[in-house]
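The values are calculated or read from the model by the stated rules, or taken from the named source; none is laboratory data. Remember, it's a predicted structure, so these values are computed and weren't measured experimentally. We place every Cβ from the backbone using ideal geometry, glycine too, and count neighbours over all the protein chains shown. All accessible areas refer to the heavy atoms of the entire protein, side chains included, with ligands and DNA or RNA removed. Shrake-Rupley method; radii C 1.70, N 1.55, O 1.52, S 1.80 Å.
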Amino acid sequence: MSAPTAQNAGSPGPAGNTENARAALEALRAEIAKAVVGQDPAVTGLVVALLCRGHVLLEGVPGVAKTLLVRALAASLELDTKRVQFTPDLMPSDITGSLVYDSRTSEFSFQPGPVFTHLLLADEINRTPPKTQSSLLEAMEERQVTVDGVARPLPDPFLVAATQNPVEYEGTYPLPEAQLDRFLLKLTVPLPSRDDEISVLTRHAEGFDPRDLQAAGVRPVAGPADLAAARDAVAKTSVSPEIAGYVVDICRTTRESPSLSLGVSPRGATALLSTARAWAWLTGRDYVIPDDVKALALPTLRHRVQLRPEAEMEGVTADSVITAILAHVPVPR
């Protein structure tokens with residue numbers, strides 16, 4: 001089935017809208033692949049976050065195309081986008097905007113900051129102090145920014161895609177648990193395989209310029225109408241009582257794990273259910289199965305748990321604990 005563009009994706013009828021929206025989002029993944037090689041799980045995670053109205057934290061060493069991935073997503077969507085390079089001297093008003101005095105009118109007027117966009121790329125978010133990091137909390141949770149006592153709504157859709165380097169700690173400020181919990185997904189962007197790395201080099205040898213995505217052929221293939229139709233369809237994806245119980249059992253088991261000092265909260269459980277529903281719809285079903293929950297458990301939960309120091313010293317990771325829990329919790333039949 002050929003994927004419609006955003007312009008022709010609005011055929012009449014709910015079923016037609018749903019199928020067109022799914023095709024447009026499938027085309028979105030293919031379009032991003034024109035610029036980014038071998039990061040299909042991260043691309044899928046970004047699409048899931050869009051469907052769930054969530055935010056994404058991308059973690060990976062320098063040079064694995066984290067920023068390019070988000071830029072390619074923005075180029076594939078008919079949405080406004082802005083990029084902020086987070087630095088130690090960045091102020092909260094540099095993100096949210098501020099009141100500016102106009103000498104001609106002798107009045108203060110609000111000048112919106114870069115957060116007033118559909119897709120905000122927060123590059124190297126852990127390089128700015130907690131005061132500036134916290135300026136995103138209200139925007140990410142409430143979809144609004146309050147300046148001088150006035151709440152100003154953000155555009156819809158609104159997604160924060162933040163990147164951070166997991167191996168360089170000098171001059172960085174780790175994100176507090178309260179802010180980590182605002183991210184729907186934490187996606188790890190690994191080093192590419194040998195074949196994928198050869199493909200990257202071949203593209204560059206043939207003239208690929210990561211700063212010119214238009215020349216690479218990346219075009220908008222989905223827009224707000226597709227996202228709205230897709231979100232409506234995801235909201236109608238059915239969840240059986242057994243699946244809901246399975247999600248709760250997984251999350252409750254994290255709270256009892258001897259390797260963890262902090263388990264998954266009820267907010268994390270609702271996040272896992274939400275991402276599982278989005279994945280079920282993307283794969284062509286209108287109901288959730290246990291495999292959907294398993295597929296999204298790691299990216300949805302890994303940043304919502306906290307390891308005990310002694311477990312961390314023994315080489316235990318959040319991913320290994322969650323994987324063991326998935327193997328232990330009974331799967332509904």
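Residues are listed down the side, and each one gets a yes or a no for (1) in contact (Cβ under 8 Å) with a residue 40 or more places away in the chain; (2) part of a helix (DSSP H, G or I); (3) surrounded by fewer than 24 Cβ atoms within 10 Å (Cβ to Cβ); (4) not basic (Lys, Arg):
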| site | (1), (2), (3), (4) |
| --- | --- |
| Ala280 | yes, yes, no, yes |
| Leu296 | yes, yes, no, yes |
| Ala311 | yes, yes, yes, yes |
| Gly315 | no, no, yes, yes |
| Thr323 | no, yes, yes, yes |
request  = For Arg127, state whether it is in contact with a Pro (Cβ under 9 Å, 6 or more places away or on another chain), basic (Lys, Arg) and over 24 Å from Val189 (Cβ atoms).
outcome  = no
task = Residue by residue through segment 127-159, note down the ones that are out of contact with any strand residue (DSSP E or B) (no Cβ under 7 Å at 6 or more places or on another chain) and under 14 Å from Pro92 (Cβ atoms).
result = Thr128, Pro129, Pro130, Lys131, Thr132, Gln133, Ser134, Ser135, Leu137, Thr146
note = Within segment 298-309, residues of a type outside the set (A, V, I, L, M, F, W, C) and either crowded, with 18+ Cβ neighbours inside 10 Å or within 11 Å of Ile322 (Cβ to Cβ) (or both) come out as Pro299, Thr300, Arg302, His303, Arg304
Val115 being more than 23 Å from Pro62 (Cβ to Cβ), open to solvent by 20 Å² or more (accessible area, probe 1.4 Å) and aliphatic (A, V, I, L, M) = no
message = Of everything in segment 258-275, what is buried (at least 21 other Cβ atoms within 10 Å of the Cβ) and part of a loop (DSSP other than H, G, I, E, B)? Give them in sequence order.
response = Val264
inquiry  = Which pairs turn up if I take residues in segment 210-229 that are farther than 17 Å from Val48 by Cβ and look for partners that are assigned to a loop (DSSP other than H, G, I, E, B) and open to solvent by 70 Å² or more (accessible area, probe 1.4 Å) with beta carbon separation below 6 Å, at least 6 apart in sequence or on another chain?
reply    = Ala216/Lys34; Gly217/Lys34; Val218/Lys34; Pro220/Glu78; Gly223/Glu78
key: Failed item in (1) within 14 Å of Leu121 (Cα to Cα); (2) open to solvent by less than 20 Å² (accessible area, probe 1.4 Å), with Gly60 passing the rest   = (1)
